[in-house]
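Structure, as structure tokens:
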Amino acid sequence: MGIFGALQSAVSGLKAQSHAMENISGNIANSQTIGYKRIDTSFVDMIPDAPVKQQIAGAVSSYSRSMNTLRGDIQNADTETYMALNGNGFFVTEKGDGSGGTFYTRRGDFDIDRNGYLVNGAGYRLTGLGMSNGVVTGSVAEAVKIDNSFLPAKRSTTINYQLNLPQSPKTASYVSTTPGSELLKPWSYSGDVQGSPVAPKVIGPAAGAPTTIPAYGYGNIVDGTALASTILGDNNTVTVTIGANPPFNLVFDTDGTVGGANVDATGDIATTLANMQAAIQASPGGAGAVVGIKDGRVFVQLGAASTDSLTLGSAPAGLLGLASATTPVTAGNVTSANMPADLLFTTNGQQLEITVGSVTRKYLIDTKGTLTAGSGVVKVDGTGSLKEMLDVIQADLRANGGAGASGATVSWDATNDLVVDFPGNYRSDVTIAGSAANTVGLNQTVTASTGTLSTVSAANAELFVKESISGGGITVYSQTGEPVNVQMRWAKVSDDAGIATWSLFYASDSAPGSANAWTKMADYTFDQGVLSGIAGGSGVTVSGTERLNIANLSINGRSFGSITVDHGLKGMTQFADNSGMATTTQLKQDGYGAGEFISVGISDEGQVIASYTNGETRAVAQIITASFSNPNALKRGDGGAYTATTESGEAIINQSGEGIVGSSTEASNTDISEEFTKLIVTQQAYSANTKIVTAADEMLQEALNMIR
């Protein structure tokens with residue numbers, strides 16, 4: 001071969017480098033083409049058959065090598081329908097004219113054409129699987145077409161509602177120093193309250209209560225166990241005048257020589273006073289008289305039914321301190337202030353128990369001033385007037401009887417009845433017991449009752465808002481898409497020993513003068529902060545502690561049909577919250593009004609998402625992708641489109657949308673600097689091949705010149 005072989009090898013080199021130059025040129029030209037995959041050039045040496053000792057370098061051949069598996073940079077795009085593939089695979093497309101055929105591309109600059117199809121910049125339509133209600137319904141890939149018609153309205157059927165209620169709601173009526181001020185007071189809602197609100201009032205008709213008060217007088221403080229001779233002298237005299245009866249003298253015998261004495265005073269003072277009582281009782285007008293020691297003092301009193309006056313004198317003057325006595329009180333003039341307590345409670349040491357709700361107060365009535373109260377018992381001084389004694393009991397109840405007794409009154413009324421009243425206490429039952437209660441007819445139980453509220457009229461709406469806290473609001477929709485705002489409020493109605501009850505109301509009619517401004521949905525019972533039961537209001541059915549159904553939600557006269565309020569398994573709680581407000585963790589509903597199509601975008605799951613003016617979105621198609629066993633063996637077509645070949649293998653379809661990135665495009669994988677480097681090398685190689693041709697030509701010329 002020789003020179004001719006060298007010449008042919010140089011020509012093959014020129015052809016190969018020209019091929020490489022063509023690919024470099026195409027790569028550089030498409031460096032800004034979306035999704036473009038560059039083509040590299042590979043060279044193969046062509047060796048003719050020859051003995052080993054005579055082998056030659058041979059010629060060269062070139063072929064194109066696709067770089068389809070090399071991903072270009074992913075760039076953000078302003079168009080929501082643009083997309084890129086972060087990984088292997090291709091979008092599955094068809095021709096834009098609908099002429100058929102399946103083409104694969106990495107070019108993702110898809111936009112909506114006039115017919116509603118997603119078409120990329122090269123004119124290929126994107127294909128995918130149809131979807132309905134978020135579920136893939138298609139089984140065969142079809143061109144994705146966007147329907148820009150209105151989205152019909154959907155009626156609200158469920159409200160998902162979860163929140164935490166504070167242990168102590170800070171309503172507008174709440175006062176931190178007033179127990180129970182945070183609770184709803186149904187009895188205050190005139191015209192709305194149901195049932196019979198009861199504030200316990202116990203009235204004891206005291207059988208045998210005195211209608212008159214006899215005259216009585218107090219003397220000196222004495223020790224009943226001391227000898228009478230320590231304060232009395234023999235023949236000392238006390239002169240007693242009872243009413244219009246003649247005066248009579250009580251003469252004390254202290255040494256046992258009676259003489260003219262009529263009262264034995266040889267023993268202790270208590271015995272002497274008993275002898276003195278017997279002498280007075282034996283005198284005219286003295287029947288039923290009492291002489292003894294009361295509150296440590298000498299005490300003289302005429303019989304309980306007596307209305308006679310009492311005059312006391314003594315010789316020497318001041319003997320026993322009995323210098324004066326009270327004026328008797330006639331019928332109709334008896335009051336608790338002028339009635340000695342022991343005229344009503346005639347037996348010393350009687351007990352009284354008053355229980356208000358869960359708080360019990362125990363009292364020991366001491367009418368002699370000689371008793372000592374045990375643990376947990378309050379001793380009440382009964383040596384004075386009945387009013388003084390009742391005032392002590394009243395003060396203790398108010399201070400220590402709990403919230404239900406904070407306004408308690410204990411009094412003796414004009415009809416001679418003992419009255420224990422608990423105004424404003426509609427929550428705590430009252431029980432009065434004990435021997436003292438039996439004496440005055442107070443031994444009974446009165447059950448308190450708050451009444452209930454099913455609706456609140458407009459007249460009481462302001463009061464209701466003050467005694468409740470906001471539970472949030474949400475817009476629901478009718479069948480025609482009419483919106484209505486559902487406002488909710490929570491009112492705490494009871495709280496006893498860790499068991500709390502709340503009522504949920506919704507604003508049902510905002511018209512002035514409405515009889516149903518607020519309507520109760522249900523009552524919720526919490527045990528130690530955990531929801532333990534729900535009782536539905538009128539027209540409301542309950543399913544466990546998870547949901548309730550309102551048969552017909554009516555607001556401002558418009559019916560919105562059946563609505564389910566779903567709280568979930570543990571969506572309702574009642575734990576302490578310093579804010580005193582309800583904390584909503586979920587409040588949403590499933591309805592919406594009609595919406596106009598505004599845009600379409602691509603989700604991270606590779607779904608085509610249509611957006612509407614009502615805020616709703618709908619997945620209309622699931623984009624599919626295709627991968628190949630040998631993607632570099634795909635046949636290239638115009639516009640970055642590829643078709644499958646025998647060498648590439650059949651397409652493997654992926655319906656998961658994995659790797660699809662919305663609002664993005666994939667740049668060309670051409671590296672300009674690398675292409676320029678290859679350009680220089682190719683140019684030099686081409687030039688070197690031309691030198692071979694020139695040299696071979698010169699050698700041939702020399703060979704021809706040899707025969708001239």
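Values in this text are rule-based calculations from the coordinates and carry no lab data. What you are looking at is a predicted structure, and each value in this text was computed from that prediction instead of being measured. Quick reminder, even Gly has a Cβ in these numbers, built from the backbone with ideal geometry, and neighbours come from all protein chains shown.
A Förster radius of 51 Å combined with the Cβ-Cβ distance from Val693 to Asp147 puts the calculated FRET efficiency at roughly 0.20.
Modelled label positions at Thr447 and Glu674, each set 7 Å beyond Cα in the direction of Cβ, lie 9.0 nm from each other.
For segment 544-661, what is one quarter of the convex hull surface built on the Cα atoms, given in nm²? Orientation-averaged projected area of the Cα hull: 15.0 nm². Take the Cα of Lys53, step 7 Å toward its Cβ, do the same at Asp78, and the gap between the two points is 7.7 nm. With no solvent and one equal point scatterer placed on each C-alpha of segment 216-321, evaluate the Debye formula and give log10 I(q)/I(0) for q = 0.10, 0.15, 0.16, 0.17 Å⁻¹, two decimals. One equal scatterer on each Cα of segment 216-321 leads to -0.24, -0.55, -0.63, -0.72. In the chain, taking the dipole from charged Cβ atoms about the Cα centre, the farthest positive-side position among Ala433, Val476, Val486 is held by Val476. Among 645-658, 601-614, 579-592, the peptide with the highest mean count of other Cβ atoms within 10 Å heads the list, and the full ranking is 601-614, 579-592, 645-658. With the helix formula -39500 (n - 2.57) applied to DSSP H stretches of n ≥ 4, the chain reaches a computed 222 nm mean residue ellipticity of -5000 deg cm²/dmol.
Compute the distance from the alpha-carbon center of segment 128-142 to that of segment 594-618, in whole Å. Comparing the Cα centres of segment 128-142 and segment 594-618, I get a distance of 16 Å. Overall, the chain carries a charge dipole of about 1180 debye about its Cα centre when +1 sits on the Cβ of Lys and Arg and -1 on the Cβ of Asp and Glu, all other atoms neutral. Considering only Ala399, Pro169, Gly303, the residue lying farthest towards the positive end of the dipole of the chain is Pro169, judged by Cα position with unit charges set on Cβ. The fraction of all Cα pairs in segment 156-267 landing in successive 5 Å bins from 0 to the largest distance is 2, 7, 8, 8, 8, 7, 6, 5, 4, 4, 4, 5, 6, 7, 7, 4, 2, 2, 1, 1, 1, 0, given as whole percents. Cross-link partners for Lys588 among the aspartates and glutamates, with Cα-Cα distance under 15 Å and sequence neighbours closer than 8 places in the same chain left out: Asp566, Glu616.
The phi torsions of segment 249-262, fed into the Karplus equation with coefficients 6.51, -1.76 and 1.60 and a -60° offset, translate into couplings of 9, 10, 9, 9, 9, 9, 10, x, 9, 4, x, x, 6, 10 Hz, rounded to whole numbers, with Gly and Pro shown as x. In the chain, one over the average inverse separation of all distinct C-alpha pairs is 37.0 Å, which is the Kirkwood hydrodynamic radius.
Measuring between their Cα centroids, segment 413-449 and segment 483-531 lie 33 Å from each other. If you take all C-alpha pairs in segment 425-526, what percent of them are over 18 Å apart? Within segment 425-526, distances greater than 18 Å cover 61 percent of Cα pairs. Among Asn689, Ala325, Thr41, whose Cα lies farthest out toward the positive end of the dipole of the chain, if unit charges sit on the beta carbon of Lys, Arg (+1) and Asp, Glu (-1)? Value: Asn689. Taking 0.36 nm per residue of separation and subtracting the current Cα-Cα distance, fully stretching the chain between Ser324 and Asp527 would add 66.6 nm.
Across every pair of non-identical alpha carbons in segment 252-403, the mean reciprocal distance, once inverted, gives a Kirkwood radius of 17.8 Å. Using a Cα-Cα cut-off of under 30 Å, which lysines could be cross-linked to Lys15, ignoring same-chain neighbours fewer than 8 residues away? Of all the lysines, those that pass the test against Lys15 - Cα under 30 Å, at least 8 places apart if same chain - are Lys37, Lys53, Lys635, Lys678, Lys691. Volume per residue of the convex hull around the Cα atoms, evaluated for segment 466-513, comes out as 103 Å³. Treating each Cα of segment 642-708 as one equal point scatterer and applying the Debye formula with no solvent, the log10 of I(q)/I(0) at q = 0.20, 0.27 Å⁻¹ comes out as -0.97, -1.10. The slack in the chain from Ala633 to Ala459, taken as 0.36 nm per residue of separation less the alpha-carbon distance, amounts to 54.4 nm. Evaluated with a Cβ-only charge set (Lys, Arg +1; Asp, Glu -1), segment 216-321 carries a dipole of roughly 280 debye about its Cα centre, given to the nearest 20.
In this structure, Gln8 and Asp604 have a Cβ-Cβ separation that, at R0 = 60 Å, corresponds to a calculated FRET efficiency of about 0.55. Would you mind checking the tilt of helix 3-29 against the longest principal axis of the Cα atoms of the chain, expressed as 0 to 90 degrees and rounded to 10? Its long axis makes an angle of about 30 degrees. Scanning residues 5 or more positions from Lys294 or on other chains, those with amide H under 5 Å from its amide H are Phe299, with H placed 1.01 Å from N in the peptide plane.
Normalised by 2.2 N^0.38 Å, where N counts its residues, the alpha-carbon radius of gyration of segment 67-178 equals 1.88. Cross-link pairs exceeding 20 Å between alpha carbons, from the set Lys201/Lys368; Lys170/Lys466; Lys154/Lys520; Lys185/Lys520: Lys201/Lys368; Lys154/Lys520. The C-alpha radius of gyration of segment 1-141, expressed as a fraction of 2.2 N^0.38 Å, stands at 1.61.
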